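The values are calculated or read from the model by the stated rules, or taken from the named source; none is laboratory data. Quantities reported herein were computed from a predicted structural model and do not represent experimental measurements. Cβ placement follows ideal geometry from the backbone for every residue including glycine, while neighbour counts extend to all protein chains displayed.
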Amino acid sequence: MPKVFINYRVRDEAGYAVLLYRELAGHFGSSAIFHASHSIRPGADFAREILENLRRCDVMLAVVGPRWLSLLENGDRGRFGGTDDWVRRELQEALSLGIRIIPILVEDATPLPDGALPDDIAALARCQYLRLHHRGVDADMARVVAELGRLVPGLSPPEGRGDAADPRRLTEAVGPAIQLFELAAPVHGPGRLGIVAGTIDRVRCADIWVSSENTDMEMSRFTEFSISAIIRYWGAQRDQAGWVIADVIADELAATVGGRRPVAPGTAMVTGAGALRESNAVHHVIHVAAVYGEPGAGFRPVRDVGRCVTNALVEADRLAGAGETAGSILFPLLGTGVGGAPIAPTARTLVGAAADYLTATPATALRVIYFLAYTRAELAALEEVLRAVGTSIPVIAARSSAPGSPDGPDPA
């Protein structure tokens, strides 16, 4: 039975709700955390599943972003459409049952003011809150985990996992660490596959980064917790206070797309890297349409996510053919963030598409195709797949720099 229930609006910081689920599930086990998009199986009665699981939980985390109150006032129809606001219904039920509610204020959201809420959920304004902000997300998330461990009886890491269950601890402790693999199948070119374990903002080993976008080719907002948002923010021109004064990558992408929205799933488009060129040695960003939005239901991964990999690799080789620096490329696990795709099957699909490309394209200019492992679960999934399709090779001076550079990862 779940002990923690995540209450959230799809149209207000749904990405942070996914982050909460993934971090808490990694620490306490997925069966202890209820998140509708991950916990309700296909064909189940969502209304019954929500209410039954809510009534069994010990704590509700109410994710409150900057738009939360305005969506409430304007009658947001919630995750599942219809005329009911399920976020409000869940809060009503929790308050009526005396379940502890912890508001999680995301980014610049302010505490809910007394008198601003309807009578049936007015008590929410008096609940002590916690914060999640992208500038201190690691410390903020650690506090959420610690508070839940203290407040919820019996909530603890699964047996034998302890602190190692923290889905970020390994990758941050070593990161970014690089592994390289040579394909077992015959490959006539120099291409290899690799894993970069760590946070993307510390990576300097790839000429090209891939950004997962929706089929409208719109990058995530700066305040969202996603690869697209990180690339957008760190690629922007910023003043000394960190405020964006030129939205370089997103503006170039918008100009490239023009009025051709939505694009076909799997579409790949190239932009420059903005400020990432200087800070992370990135020369280009390839944007792929890896998720699509459903009104009232959030984002879902496209059906053929492997096509995103193939199309991005084709674009990388086109850049190389035009004389651009394009010897290495970095993919996140597309669609596993706000899109909610399962990690292990996605890793198999993405790695398989990359391996097929290297095998079928002996003239490719790509020396290494990297995959980013941010969490322990991502790292385990990628290692399993790559060990199945290739052989690990030694890496000398494995640092976050470009292959072949004096301080970069060079295969022995």
All-but-one check, residue 232 against (1) without any contact (Cβ under 8 Å) to a residue 40 or more places away in the chain; (2) over 18 Å from the mean Cα position of the chain (by Cα), failing number (2)
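Scan the range 1-21 residue by residue and report those that are closer than 22 Å to residue 333 by Cα and at pLDDT 85 or above. Before the answer, list the steps.
First pass over the range 1-21, keeping only residues closer than 22 Å to residue 333 by Cα: 10, 13-21.
Those that are closer than 22 Å to residue 333 by Cα and at pLDDT 85 or above: 16, 17, 18, 19, 20, 21.
Conditions (1) under 30 Å from residue 63 (Cα atoms); (2) buried (at least 24 other Cβ atoms within 10 Å of the Cβ); (3) outside the structural domain of residue 379 (by TED's automatic domain parsing), marked per residue:
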| position | (1), (2), (3) |
| --- | --- |
| 184 | no, no, no |
| 200 | yes, no, no |
| 204 | no, no, no |
| 211 | yes, yes, no |
| 223 | yes, no, no |
| 228 | yes, yes, no |
| 244 | yes, no, no |
| 252 | no, no, no |
Is it the case that some residue within the range 27-37 is closer than 24 Å to residue 228 by Cβ, among the small types (Gly, Ala, Ser), surrounded by 20 or more Cβ atoms within 10 Å (Cβ to Cβ) and modelled with pLDDT of 85 or more?
yes
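Right, residue 367: within 30 Å of residue 223 (Cβ to Cβ) and charged (D, E, K, R) or not? Walk me through how you get there before you give the answer.
On the way: within 30 Å of residue 223 (Cβ to Cβ): no; charged (D, E, K, R): yes.
Criteria not met by residue 367.
Taking into account only those residues within the range 120-142 that are assigned to a helix (DSSP H, G or I) and among the charged types (D, E, K, R), which is farthest from residue 4 (Cα to Cα)? Break it down stepwise before answering.
So the first thing to find is which residues in the range 120-142 are assigned to a helix (DSSP H, G or I), and the list is 120-126, 134-142.
Retained after the next criterion (residues that are among the charged types (D, E, K, R)): 120, 126, 135, 138, 140.
Working: 120: 22, 126: 20, 135: 25, 138: 20, 140: 17 Å.
Ranking the candidates gives 135 first.
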Counting only residues that are under 24 Å from residue 58 (Cβ atoms) and buried (at least 17 other Cβ atoms within 10 Å of the Cβ), the range 94-108 contains a total of 9
